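K.L.:
So that we are looking at the same thing, I have put the structure below in structure tokens.
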Amino acid sequence: RVLSSPLPRLVREFVAQNNTSQIKHVIQILSQEFALSQHPHSRKGGLIGLAACSIALGKDSGLYLKELIEPVLTCFNDADSRLRYYACEALYNIVKVARGSVLPHFNVLFDGLSKLAADPDPNVKSGSELLDRLLKDIVTESNQFDLVGFIPLLRERIYSNNQYARQFIISWILVLESVPDINLLDYLPEILDGLFQILGDNNKEIRKMCEMALGEFLKEIKKNPSSVKFAEMANILVIHCQAADDLIQLTAMCWMREFIQLAGRVMLPYSSGILTAVLPCLSYDDRKKNIKEVANVCNQSLMKLVIPEDDEMDEAKQSIDIPKEPTPEESLSKPEAASSGESPLIWTTRVGHCSTEPNSFPCSCERIQVTLNLDGIVQVLDCHLHDTSIGMMTRIAVLKWLYHLYIKTPRKMFRHTDSLFPILLRTLSDESDEVILKDLELLAEIASSPAGQTEEGHGPSDGPDVRPGPAELHIPARAGQLSSSSMKGLECSPSTPTMNSYFYKFMINLLKRFSSERKLLETRGAFIIRQLCLLLNAENIFHSMADILLREENLKFASTMVHTLNTILLTSSELFQLRNQLKDLKTPESRNLFCCLYRSWCHNPVTTVSLCFLTQNYKHAYDLIQKFGDLEVTVDFLTEVDKLVQLIECPIFTYLRLQLLDVKNNPYLIKALYGLLMLLPQSSAFQLLSHRLQCVPNPELMQTTDNTKPSTSFKRTTASNIDYTELLQHFEKVQNKHLEARHQRAGRAEQLDRRVVL
């Protein structure tokens, strides 16, 4: 009867009779004996019959959709392209009649269509497109779409590598995003990674569609940030911010910028991963200018999220569980998994508190307290500092980050100081002056922050005993123990007018660095010390360095270092205040500083004389020059005397030259200058000093006796509570050490020459 009667009329009769069993029987025959037959013509007839049956059923077709759809979908896999086309045509008619009733079967329809989208036959593909448009219209019109049930399938299919399948997926995402009643944003963490992978497709049209979809999502995020699951997507963005594809990286970086600005401190637990992705981009050249600019905004915005309260928060307590960010190693390994075609980024999207229900994640900064993962951040920053291949701007950004962390969270940061200190010292050898400046700012902050105080008064230090003597720099164990004199000039400190227990360690290691890297001392030594004098207390810097050099076993280095410090002291505008302090020696502190400097300056005879000139100790300068006759006069020695003569003609010694007018009260100044003149050979320096001395009025008045009483015009008595005899003896002792050391070096050189000859 089924075969002999027109099928539509037969089905309509059964519908009129409400004969459900016969309707199912007809559909079963069409499915089993025809649509699923081994013979192609039978399958074709079965497909046509199922479509005709659906049309005859009309609105009642929804009751039999499962029986109607399943055999048709099976034919989607037929080897014959014509049968696949007929199957597509049949399903179109079935869906067209059923309309919204097909939505409960949407997943199987979508699965079948996703396969036809990649069909090699153009007719099949054209038919599938018609069916696809019809299904999209139905979904758009309906308010009963099961998005929760659809997301797992979408998440699976989004990782397809086929271009047509990708295009199909993106088109559906755009449609679903445009439907007001469908809130796809709640499930964005499930598909975001796949979207970024599709963004790297070779097909420009697909990339453009994907870029459009991501743009729509970002607009929606900006409109409704309170319902966005920022934490679940943070790791995904971290991965794709490191992508090799420029479009993926730029898009991910733009998303990261918006996330940081919209979510605020919710992003803090992911700071180390974000920095791993962002910092290298800061050194990009103009070819990646856009990525560099966005990365810079991300970096600045993230830095602003760190607040002083982070120094007080207990890292063991959090008011909310936030998915743990991957370590830098994990962050680098996950793109490899992504490229293998797997679904690698579902690992953190459903952790702990995460829910698939809308608005399950409270992202408001007022309602959530997060903890700064300081250990992870410092690890990333330290890793970048050790990487010699990173660019200058990245190194500067790393140092700015460390400085910012020491300002905002000093208590926690000082736990990392011992591990950071070596690399910060090595960074002083960087080729960039700007990097060195930032490094010095950071080291100065470490050396002056009250959080660096220890019970011992000195921080951990290297080398021999560095405890200060009676006339040397004392590092206070507590900030309140500084005397008023120690506070002078400390307003230059970037944060606090105290020198902590790391200050002395810094000075020791800086001098060690200069000793091991003479090129650094020659090219950047003066620059580094001058900048430190701006950032810290110049008096403390010179006092501590003089104290350390007093114990220096390498006498040649000590002499070179003293010469460098003396040149800085006499010529740098940064040390104007310190020079004035030494010029008068009116206070016990200034005299204490002079004695400390003098003992170390004795490593270099000419610098010792220049220090006496600076402090107006002219008689002692004359006494020192008298001792020069017992020293070994070398070319280097005469060169330094030559430089001192040139220095006397500089503005720094204007007061000294003016004192030559008062011959009666400054006889030892003139005698000292004549002593220098007698040391010099016939040279330009000799002529310069000789001409200067010829300008001294009334040379006869140079004759003095020991009973000459100084007039009131003499600026201070020669006693000044300083034992100049002891200082002179110390000078002789140090010079004897230098003489012995030179003889030893000469002996070793002679032995080496003999070995070479042999």
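K.L.:
Please work out if ILE568 is open to solvent by less than 10 Å² (accessible area, probe 1.4 Å), within 39 Å of the chain's Cα centre (by Cα), outside the structural domain of VAL645 (by the TED database) and over 19 Å from LEU644 (Cβ atoms).
P.N.:
Working: open to solvent by less than 10 Å² (accessible area, probe 1.4 Å): yes; within 39 Å of the chain's Cα centre (by Cα): yes; outside the structural domain of VAL645 (by the TED database): yes; over 19 Å from LEU644 (Cβ atoms): no.
It is false that ILE568 is open to solvent by less than 10 Å² (accessible area, probe 1.4 Å), within 39 Å of the chain's Cα centre (by Cα), outside the structural domain of VAL645 (by the TED database) and over 19 Å from LEU644 (Cβ atoms).
K.L.:
Going through the range 101-134 one residue at a time, which ones are under 54 Å from the mean Cα position of the chain (by Cα) and either closer than 16 Å to LEU57 by Cβ or of a type in the set (S, T, N, Q) (or both)?
P.N.:
VAL102, HIS105, ASN107, SER114, SER126, SER128
K.L.:
Taking the options ARG82, ARG99, name whichever one is touching a helix residue (DSSP H, G or I) at 6+ places or on another chain (Cβ under 9 Å), among the basic types (Lys, Arg) and over 23 Å from THR140 (Cα atoms).
P.N.:
None of the others qualify; the one that does is ARG82.
K.L.:
Quick one: what pairs do we get from the range 5-24, first residue assigned by the TED database to the domain that holds ASN93, second of a type in the set (D, E, K, R) and crowded, with 17+ Cβ neighbours inside 10 Å, C-beta under 8 Å, 6+ apart or different chains?
P.N.:
That search, which allows pairs on different chains as well, returns VAL15/ASP60; LYS24/GLU67.
K.L.:
Still on this structure: What do you reckon, is LYS643 open to solvent by 50 Å² or more (accessible area, probe 1.4 Å) and under 18 Å from PHE731 (Cβ atoms)?
P.N.:
Details: open to solvent by 50 Å² or more (accessible area, probe 1.4 Å): yes; under 18 Å from PHE731 (Cβ atoms): no.
No: the conditions fail for LYS643.
K.L.:
Starting from residues that are closer than 17 Å to ILE221 by Cα and in contact (Cβ under 8 Å) with a residue 40 or more places away in the chain, keep the ones in the range 138-181 and report whichever is surrounded by the most Cβ atoms within 10 Å (Cβ to Cβ).
P.N.:
ILE173
K.L.:
I want to confirm something. Restricting to the range 76-100 and keeping residues that are among the polar types (S, T, N, Q) and assigned to a helix (DSSP H, G or I), which single residue is nearest to the chain's Cα centre (by Cα)? Reasoning before the result, please.
P.N.:
Restricting attention to the range 76-100, the residues satisfying the condition of being among the polar types (S, T, N, Q) are 77, 81, 93.
From the residues that got through so far, the ones that are assigned to a helix (DSSP H, G or I) too are 81, 93.
Numbers: SER81: 57, ASN93: 60 Å.
It comes out as SER81.
K.L.:
Those residues that are more than 13 Å from LEU91 (Cα to Cα), part of a helix (DSSP H, G or I) and of a type in the set (S, T, N, Q), I need them from the range 35-69; list them, please.
P.N.:
SER42
K.L.:
How many residues are touching a helix residue (DSSP H, G or I) at 6+ places or on another chain (Cβ under 7 Å), open to solvent by less than 60 Å² (accessible area, probe 1.4 Å) and in contact (Cβ under 8 Å) with a residue 12 or more places away in the chain if we restrict to the range 25-72?
P.N.:
Total satisfying the criteria: 28.
K.L.:
Return the pair list, or none, for Cβ contacts closer than 9 Å from residues in the range 730-756 that are over 24 Å from THR608 (Cβ atoms) to residues that are at pLDDT 85 or above, at least 6 apart or on different chains.
P.N.:
none
The values are calculated or read from the model by the stated rules, or taken from the named source; none is laboratory data. Just so you know, these numbers come straight off a predicted model, no measurement behind them. Cβ atoms come from the backbone with ideal geometry, glycine included; neighbour counts cover every protein chain shown. Quick note on the areas: whole protein, heavy atoms, side chains included, nothing else; ligands and nucleic acids left out. Shrake-Rupley method; radii C 1.70, N 1.55, O 1.52, S 1.80 Å.
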